[in-house]
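Beneath this line is the structure, given in structure tokens, with notes to follow.
The values are calculated or read from the model by the stated rules, or taken from the named source; none is laboratory data. This is a predicted model, so every value here is computed, not measured. Cβ placement follows ideal geometry from the backbone for every residue including glycine, while neighbour counts extend to all protein chains displayed. When the accessible area is computed, the model is the full protein with side chains, heavy atoms only, and any ligands, DNA or RNA have been set aside. Shrake-Rupley method; radii C 1.70, N 1.55, O 1.52, S 1.80 Å.
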Amino acid sequence: EPIQALDLLDRSYTAYLAHHDIMGAARALVQRGIVQRMRGRHSEAIETCRQILDTIGDEDCLPRIQAYHTLGICQTIQGDYDEGMRSLEAALQIAERMNNDTEAAYIAHDMGTAELNRGHPIRARRHYHQALMCWRRLGNSSALASTLQGLGIIHQYTGQYAEAEDRFQESLAKARSAADRRL
């Protein structure tokens, strides 16, 4: 239950602060921001992410990556594509410096989606290809299927129907191998 999750995350945050564990507090806030985003409370998620970034400073760490990632998604959902892409780029740079290929692939995928929603299919394709290479290397069939769908949509939009069908067919095969019925 999301409301219960938010209550538990608030208690976790308070407990971490009481023990002067800034990184623990940041991790609790990251999860809070993600829950807020998933519940459509984008403005609250943005504020939570900014609080995280103020709390942990310039450290290259997972909570910082996730805060920028969530911040960027929320900003683009609200239509602030320029600021959202800057936040997503910041997340991607930190993930790449930390050699966190999984986070980098998720971020690149979301950058592709943001560019596609913005009406920039060529930019979107570049980001989706970056995610695609990571997913192939990591062997994450479900995430690979999702990125292949994004590429299929781009090919469809640009009139490359044979390529679109190839991407959709490969996506379907990967989704089936991952037993991912949603995809």
Options I65, I34; residue that is under 15 Å from the mean Cα position of the chain (by Cα) and open to solvent by 20 Å² or more (accessible area, probe 1.4 Å): I34
Filter pass, S171 being open to solvent by less than 60 Å² (accessible area, probe 1.4 Å), under 28 Å from C61 (Cβ atoms) and modelled with pLDDT of 95 or more: no
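Matching residues to (1) within 18 Å of A105 (Cβ to Cβ); (2) in contact with a helix residue (DSSP H, G or I) (Cβ under 7 Å, 6 or more places away or on another chain):
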residue	(1), (2)
H20	no, no
G33	no, yes
H42	no, yes
E89	yes, no
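Each row is one residue, and each column tells you yes or no for (1) more than 23 Å from L6 (Cα to Cα); (2) assigned to a helix (DSSP H, G or I); (3) charged (D, E, K, R).
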site: V30; (1), (2), (3): no, yes, no
site: E44; (1), (2), (3): no, yes, yes
site: C49; (1), (2), (3): no, yes, no
site: C74; (1), (2), (3): no, yes, no
site: G79; (1), (2), (3): yes, no, no
site: G84; (1), (2), (3): yes, yes, no
Residue tally, condition out of contact with any Leu (no Cβ under 8 Å at 6 or more places or on another chain) and either in a loop (DSSP other than H, G, I, E, B) or among the hydroxyl-bearing types (S, T, Y) (or both), over segment 51-72: 6
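Only one residue in T70, T55, T102, T48 is open to solvent by 40 Å² or more (accessible area, probe 1.4 Å), among the polar types (S, T, N, Q) and in contact with a helix residue (DSSP H, G or I) (Cβ under 6 Å, 6 or more places away or on another chain). Which one? Let's see the steps before the verdict.
Details: T70 fails: open to solvent by 40 Å² or more (accessible area, probe 1.4 Å); T102 fails: in contact with a helix residue (DSSP H, G or I) (Cβ under 6 Å, 6 or more places away or on another chain); T48 fails: open to solvent by 40 Å² or more (accessible area, probe 1.4 Å).
That would be T55, the only listed residue that is open to solvent by 40 Å² or more (accessible area, probe 1.4 Å), among the polar types (S, T, N, Q) and in contact with a helix residue (DSSP H, G or I) (Cβ under 6 Å, 6 or more places away or on another chain).
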Residue that is least open to solvent (accessible area, probe 1.4 Å) [pool: residues in segment 128-149 that are over 15 Å from the mean Cα position of the chain (by Cα) and within 11 Å of D180 (Cα to Cα)]: A145
Complete set of residues in segment 99-139 that are in contact (Cβ under 8 Å) with a residue 24 or more places away in the chain and either among the small types (G, A, S) or in contact with a strand residue (DSSP E or B) (Cβ under 6 Å, 6 or more places away or on another chain) (or both): A104, A105, A108, G112, A114, A124, A131
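Taking the condition of being assigned to a helix (DSSP H, G or I) and surrounded by fewer than 23 Cβ atoms within 10 Å (Cβ to Cβ), how many residues in segment 115-127 meet it?
Keep residues of segment 115-127 that are assigned to a helix (DSSP H, G or I), which gives 115-118, 121-127.
Remaining after also requiring surrounded by fewer than 23 Cβ atoms within 10 Å (Cβ to Cβ): 116-118, 121-123, 125-126.
Total satisfying the criteria: 8.
Hey, among the residues in segment 88-98 that are open to solvent by less than 50 Å² (accessible area, probe 1.4 Å) and without any contact (Cβ under 8 Å) to a residue 24 or more places away in the chain, which one's farthest from the chain's Cα centre (by Cα)?
The initial filter retains those residues of segment 88-98 that are open to solvent by less than 50 Å² (accessible area, probe 1.4 Å), namely 88, 90-92, 94-95.
Those left that are additionally without any contact (Cβ under 8 Å) to a residue 24 or more places away in the chain: 90, 92.
Numbers: A90: 12, L92: 10 Å.
Filtering segment 88-98 for residues that are open to solvent by less than 50 Å² (accessible area, probe 1.4 Å) and without any contact (Cβ under 8 Å) to a residue 24 or more places away in the chain, the one farthest from the chain's Cα centre (by Cα) comes out as A90.
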